[in-house]
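The values are calculated or read from the model by the stated rules, or taken from the named source; none is laboratory data. For clarity, every value in this text was computed on a predicted model and none was experimentally measured. We place every Cβ from the backbone using ideal geometry, glycine too, and count neighbours over all the protein chains shown. Heads up: the accessible areas ignore ligands, DNA and RNA and are worked out on the full protein's heavy atoms, side chains in. Shrake-Rupley method; radii C 1.70, N 1.55, O 1.52, S 1.80 Å.
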Amino acid sequence: MRRSLSFIFFLVILFIAVVDADIVEDTCQKASQNIKELPYDFCVAVLGENPKSHSADLQSLGIISMELIEANSAKVSSRIADLLNDKKLVRDVKIRLEACKELYSNAIDQVKPAIDAFKAKDYKSANIQVSAMMEAPTTCEEGFNEEPGLQSPLAAEDNYFLRLTSIALAITTLA
């Protein structure tokens with residue numbers, strides 16, 4: 001009798017673990033269907049890196065995705081600061097980097113209100129905040145594309161940040 005109870009308990013725990021693990025995959029599947037520019041594998045890899053995501057619900061995944069945005073925007077801001085200190089960069093690049101610096105600073109400022117709105121289940125406001133964060137990488141890249149021959153030193157960072165915000169945007173839409 002005791003063995004069968006232990007076995008049943010084990011099966012229940014196993015079932016719960018399988019269901020929890022699927023939340024990231026299910027969410028990323030829906031997210032990548034809603035936002036064509038968001039690769040499913042990227043979404044699963046990024047959310048899966050956070051150990052909390054494996055036992056999260058959709059609400060928690062939304063917060064995790066926004067925390068990832070916050071951490072990444074700080075990294076991009078640091079990269080911009082490093083680039084601005086590079087004496088070899090031409091003036092036109094530095095001017096555009098200054099604009100990017102401001103854009104990412106604004107994105108950082110929008111993370112907390114987005115998280116607060118999401119926690120309050122005000123998904124429309126959270127969606128608006130996340131959408132505004134998406135402006136940083138797109139506007140940054142547009143600045144470099146304005147002048148022929150000018151290469152963005154932030155192309156990879158901007159693309160990554162855009163994908164991160166796409167995850168959060170999709171989750172605010174799914175919530």
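Things to note:
- Flag for ALA114 being at pLDDT 95 or above and either farther than 22 Å from ILE64 by Cβ or surrounded by 20 or more Cβ atoms within 10 Å (Cβ to Cβ) (or both): yes
- If you go through the stretch 125-136 and keep only what is open to solvent by 10 Å² or more (accessible area, probe 1.4 Å), assigned to a helix (DSSP H, G or I) and touching a residue at least 12 places away in the same chain (Cβ under 8 Å), you end up with SER125, ASN127, GLN129, SER131, ALA132, GLU135.
- Extreme residue, most open to solvent (accessible area, probe 1.4 Å), among residues of the stretch 25-76 that are over 20 Å from TYR123 (Cβ atoms) and part of a loop (DSSP other than H, G, I, E, B): LYS36
- Residue within the stretch 101-124 that is part of a helix (DSSP H, G or I), in contact with a Leu (Cβ under 9 Å, 6 or more places away or on another chain) and in contact (Cβ under 8 Å) with a residue 60 or more places away in the chain present: no
- Test: residue in the stretch 143-150 that is under 21 Å from LEU38 (Cα atoms) and open to solvent by less than 50 Å² (accessible area, probe 1.4 Å): no
- Boolean, ASP20 is among the charged types (D, E, K, R), more than 15 Å from GLU157 (Cα to Cα), open to solvent by less than 80 Å² (accessible area, probe 1.4 Å) and at pLDDT 95 or above: no
Let's see how each residue does on (1) at pLDDT below 95; (2) part of a helix (DSSP H, G or I); (3) under 26 Å from PHE118 (Cβ atoms):
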site: SER6; (1), (2), (3): yes, yes, no
site: PHE9; (1), (2), (3): yes, yes, no
site: SER78; (1), (2), (3): no, yes, yes
site: ILE95; (1), (2), (3): no, yes, no
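- Breaking point among (1) in a helix (DSSP H, G or I); (2) exposed (fewer than 12 other Cβ atoms within 10 Å of the Cβ); (3) not acidic (Asp, Glu), for LYS88: (1)
- THR165 buried (at least 23 other Cβ atoms within 10 Å of the Cβ), among the polar types (S, T, N, Q) and either modelled with pLDDT of 95 or more or touching a strand residue (DSSP E or B) at 6+ places or on another chain (Cβ under 6 Å) (or both): yes
- Qualifying residue in the stretch 154-162 (condition: buried (at least 21 other Cβ atoms within 10 Å of the Cβ), out of contact with any strand residue (DSSP E or B) (no Cβ under 9 Å at 6 or more places or on another chain) and not in a helix (DSSP H, G or I)): yes
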